[in-house]
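Peer 1: Sharing a structure with you now.
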Protein chains: 2
Amino acid sequence: MPFTRWAKDEPQELPRVPARRTAIVTCMDARIDPLAALGMHLGDAHVIRNAGALVTDDTIRSLAISQRMLDTRAVVIIGHTDCGLEGLDEGAAVEAIAAEAGTVPPWRPGSFASVEDQVRASVEAVRSSPFIPHRDDVTGFVHDVGVAGGVRPVA
Amino acid sequence: MPFTRWAKDEPQELPRVPARRTAIVTCMDARIDPLAALGMHLGDAHVIRNAGALVTDDTIRSLAISQRMLDTRAVVIIGHTDCGLEGLDEGAAVEAIAAEAGTVPPWRPGSFASVEDQVRASVEAVRSSPFIPHRDDVTGFVHDVGVAGGVRPVA
């Protein structure tokens, strides 16, 4: 990776606490702009991303720190269509990874059958976590990749 | 959260495979624009984010899927100054969380003493993971929050 500089118009004086008191959980997918999806701007929200927008132990860790140390109150989970984990054969994937690595991974790939159901389950996982202090404002959306205006509420 | 629409200028036809074949790992911090930090654009890279830009099991899961299913080859880890986890008293934090939740979390908050050392350790964690097929191009940067031109290579 070459060393590159920040764009000259990069805002420099944003506060540490997210202006919209929100933490977004979404997928690592290269096509997703999480802030644009919600009409937000740099500085408005924490952004947590992993493969599949899953609520894992590490997601809960990040949300707990977001709320406890940096005063966020709302959680927004955004899944998306055309995700590589939707419909993936979990057993075959684990087998292939273990064969190549020479050892079984301590995690599951995290495949799911329906992105809508997955987002609903993720919202429920946050709402029922004892480690998240503020659970009144947890919502779920699906972003339809490649469709204009494509975030729709599902939970 | 109100339902909002994508900006009209949102690119709609990006490919699923990241154009720059890169996965970025960085912090959830609201002030970080990971793509701008590296002079990249939407569609160029997977973006994985958690509290502290840590390489956890979930980070390895995401990177494994990124490389195995979506053909990325390079990993870039970006820590940043003024992170809430730098210098945090880990024991006190766990105690406070456990007291409020009524149970001890299955994760550690993930505090660190030096962001430079933390990024170097994260780069090493990726380079030594048997679950990551491509480990030749793993680099680490620190973003100096609030300073123009603020990403510098540390690993």
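The values are calculated or read from the model by the stated rules, or taken from the named source; none is laboratory data. Owing to the predicted nature of the structure, the values given are computational and were not obtained by experimental measurement. Reconstructed Cβ throughout: ideal geometry from the backbone, glycine too, with neighbour counts over all protein chains shown. Ligands, DNA and RNA are stripped out before the accessible areas are found, and what is left, the full protein with its side chains, is counted by its heavy atoms. Shrake-Rupley method; radii C 1.70, N 1.55, O 1.52, S 1.80 Å.
Peer 1: Go through the stretch B:12-38 and count every residue that is within 21 Å of A:Ala19 (Cα to Cα) and among the basic types (Lys, Arg).
Peer 2: Adding up the residues that qualify gives 1.
Peer 1: Listed residues A:Gly79, A:Gly87, A:Gly39; which is in contact (Cβ under 8 Å) with a residue 24 or more places away in the chain and either within 11 Å of chain B (Cβ to nearest Cβ) or open to solvent by less than 20 Å² (accessible area, probe 1.4 Å) (or both)?
Peer 2: A:Gly79
Peer 1: Hey, another quick one. Tell me, which residue of the stretch B:105-149 that is open to solvent by 20 Å² or more (accessible area, probe 1.4 Å) and β-branched (Val, Ile, Thr) is nearest to B:Arg61 (Cα to Cα)?
Peer 2: So, considering only residues that are open to solvent by 20 Å² or more (accessible area, probe 1.4 Å) and β-branched (Val, Ile, Thr), the one nearest to B:Arg61 (Cα to Cα) is B:Thr139.
Peer 1: Can you pull out the residues in the stretch B:51-60 that are without any contact (Cβ under 8 Å) to a residue 24 or more places away in the chain and surrounded by 23 or more Cβ atoms within 10 Å (Cβ to Cβ)?
Peer 2: Here is the first cut: in the stretch B:51-60, the ones without any contact (Cβ under 8 Å) to a residue 24 or more places away in the chain are B:57-58.
B:Asp58 - this is the single residue of the stretch B:51-60 that is without any contact (Cβ under 8 Å) to a residue 24 or more places away in the chain and surrounded by 23 or more Cβ atoms within 10 Å (Cβ to Cβ).
Peer 1: Name the pairs: first residue in the stretch A:17-32 and more than 8 Å from chain B (Cβ to nearest Cβ) and without any contact (Cβ under 8 Å) to a residue 24 or more places away in the chain, second residue open to solvent by less than 10 Å² (accessible area, probe 1.4 Å) and in a strand (DSSP E or B), Cβ to Cβ under 7 Å, at least 6 apart or on different chains?
Peer 2: none
Peer 1: When only residues in the stretch A:61-76 that are surrounded by fewer than 20 Cβ atoms within 10 Å (Cβ to Cβ) and touching a strand residue (DSSP E or B) at 6+ places or on another chain (Cβ under 9 Å) count, which is farthest from the other protein chains (Cβ to nearest Cβ)?
Peer 2: Narrowing the stretch A:61-76 to residues surrounded by fewer than 20 Cβ atoms within 10 Å (Cβ to Cβ): A:68-71, A:73-74.
Filter once more, keeping what is touching a strand residue (DSSP E or B) at 6+ places or on another chain (Cβ under 9 Å): A:70, A:73-74.
Values: A:Leu70: 6, A:Arg73: 11, A:Ala74: 6 Å.
Selected residue: A:Arg73.
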